[in-house]
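Structure first, commentary second.
Please treat every number below as a calculation from the coordinates, not as lab data. Here the structure is a predicted model, which means the values were calculated and not measured. Quick reminder, even Gly has a Cβ in these numbers, built from the backbone with ideal geometry, and neighbours come from all protein chains shown.
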Amino acid sequence: MRVAVYYAPSLDDPLWRLGAGWLGRDPEINAPLSQPDLPDIAEITADACGYGFHATLKPPMRIRPGLGWHEVVTAAHAIADTLSPFTLPRLEISDLQGFLALCNAEPSAPLQELSDACISGLDHLRAPSTETELARRRRAKLTPLQDAMLVRWGYPYVFETWFFHMTLTRRLSLAEHVIYRPAAEAVFLDTLRAPRQVVDICLFVQPAEGKPFTLAERLPLRG
């Protein structure tokens with residue numbers, strides 16, 4: 001089993017419905033959804049679909065032997081209880097080295113604080129990374145700082161290297177960008193203009209290797 005802490009839009013936010021539909025799966029009930037009528041969209045979104053529509057706060061981690069779901073929920077509640085709801089910055093469709101993603105248009109101190117708290121506050125639960133896991137991450141040609149974060153925290157994009165993103169596609173060719181970026185803009189731009197609050201953090205669970213992540217629990221921010 002692996003556990004992750006994500007931001008996911010509220011269930012009554014149109015962005016949740018649109019994002020889950022774009023990826024083709026509702027991760028709350030682990031049910032398939034109809035995707036936009038675009039060529040090869042199931043393959044283009046397959047990796048992101050497996051993780052569910054989200055932005056990473058604490059990346060997927062295996063739990064240390066002897067610990068379990070109770071310890072995860074307890075530690076995550078302790079984080080959520082210290083932080084207050086806040087307004088999410090305006091999101092925009094961005095090209096992240098070939099991937100399409102929804103990213104924040106301006107910096108956000110509360111958003112960074114939320115990510116930092118999840119990274120540090122749950123790390124005592126994380127089983128150490130294996131050499132295979134480290135090698136897989138290093139295929140991304142990490143900077144020295146990112147590699148140091150990988151060794152210490154099991155993930156290269158934390159604290160000053162972290163950035164908010166909600167992945168929409170795999171890495172695209174130039175020809176695929178011509179198709180998929182305008183399509184994503186048509187799907188998402190209207191709802192991205194609406195203000196939204198970050199009111200909780202979400203625990204996602206992958207029950208076994210190769211299985212999709214599902215939304216197991218939402219923990220409200222109570223600070």
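Just to be sure I understand, how many residues within segment 179-203 are in a helix (DSSP H, G or I) and surrounded by 11 or more Cβ atoms within 10 Å (Cβ to Cβ)? Counting residues in segment 179-203 that are in a helix (DSSP H, G or I) and surrounded by 11 or more Cβ atoms within 10 Å (Cβ to Cβ) gives 13. Inclusion of residue 87 among residues that are closer than 27 Å to residue 193 by Cα and surrounded by 13 or more Cβ atoms within 10 Å (Cβ to Cβ) is not warranted. In this structure, residue 82 qualifies as exposed (fewer than 15 other Cβ atoms within 10 Å of the Cβ), assigned to a loop (DSSP other than H, G, I, E, B) and of a type in the set (Ser, Thr, Tyr). Candidates 158, 151: the one that is in contact (Cβ under 8 Å) with a residue 12 or more places away in the chain and in contact with a strand residue (DSSP E or B) (Cβ under 9 Å, 6 or more places away or on another chain) is 158. Given the structure, is residue 206 of a type in the set (S, T, N, Q), touching a strand residue (DSSP E or B) at 6+ places or on another chain (Cβ under 7 Å) and surrounded by fewer than 17 Cβ atoms within 10 Å (Cβ to Cβ)? Against the criterion (of a type in the set (S, T, N, Q), touching a strand residue (DSSP E or B) at 6+ places or on another chain (Cβ under 7 Å) and surrounded by fewer than 17 Cβ atoms within 10 Å (Cβ to Cβ)), residue 206 does not qualify. Checking 29, 41, 93 one by one, the residue that is out of contact with any Gly (no Cβ under 8 Å at 6 or more places or on another chain) and surrounded by 14 or more Cβ atoms within 10 Å (Cβ to Cβ) is 93 and no other.
Cβ-Cβ distances below 9 Å connect the following pairs, each with a first residue in segment 186-201 that is free of Cβ contacts under 8 Å to residues at least 60 places away in the same chain, a second residue that is part of a loop (DSSP other than H, G, I, E, B), and a separation of six or more residues or different chains: 186/36. Evaluation of residue 140 against the conditions (1) of a type in the set (Gly, Ala, Ser); (2) under 30 Å from residue 75 (Cβ atoms); (3) in contact with a Pro (Cβ under 9 Å, 6 or more places away or on another chain); (4) in contact (Cβ under 8 Å) with a residue 24 or more places away in the chain shows that the sole unmet condition is (4).
Consider segment 130-152 and keep the residues that are surrounded by 12 or more Cβ atoms within 10 Å (Cβ to Cβ) and of a type in the set (Asp, Glu). The one that is farthest from residue 2 (Cα to Cα) is 147. For segment 213-223, give me each residue that is loosely packed, with under 15 Cβ neighbours inside 10 Å and either in a loop (DSSP other than H, G, I, E, B) or of a type in the set (Asp, Glu) (or both). Once the filter is applied, which keeps residues that are loosely packed, with under 15 Cβ neighbours inside 10 Å and either in a loop (DSSP other than H, G, I, E, B) or of a type in the set (Asp, Glu) (or both), segment 213-223 yields 222, 223.
Results for (1) out of contact with any helix residue (DSSP H, G or I) (no Cβ under 8 Å at 6 or more places or on another chain); (2) over 22 Å from residue 46 (Cα atoms), shown as yes or no for each residue.
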{"site": "114", "(1), (2)": "yes, yes"}
{"site": "137", "(1), (2)": "no, no"}
{"site": "141", "(1), (2)": "yes, yes"}
{"site": "159", "(1), (2)": "no, yes"}
{"site": "166", "(1), (2)": "no, no"}
{"site": "171", "(1), (2)": "yes, no"}
{"site": "195", "(1), (2)": "yes, yes"}
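Considering 24, 68, 50, which residue is within 15 Å of residue 216 (Cα to Cα), without any contact (Cβ under 8 Å) to a residue 60 or more places away in the chain and surrounded by fewer than 22 Cβ atoms within 10 Å (Cβ to Cβ)? Among 24, 68, 50, only 68 is within 15 Å of residue 216 (Cα to Cα), without any contact (Cβ under 8 Å) to a residue 60 or more places away in the chain and surrounded by fewer than 22 Cβ atoms within 10 Å (Cβ to Cβ).
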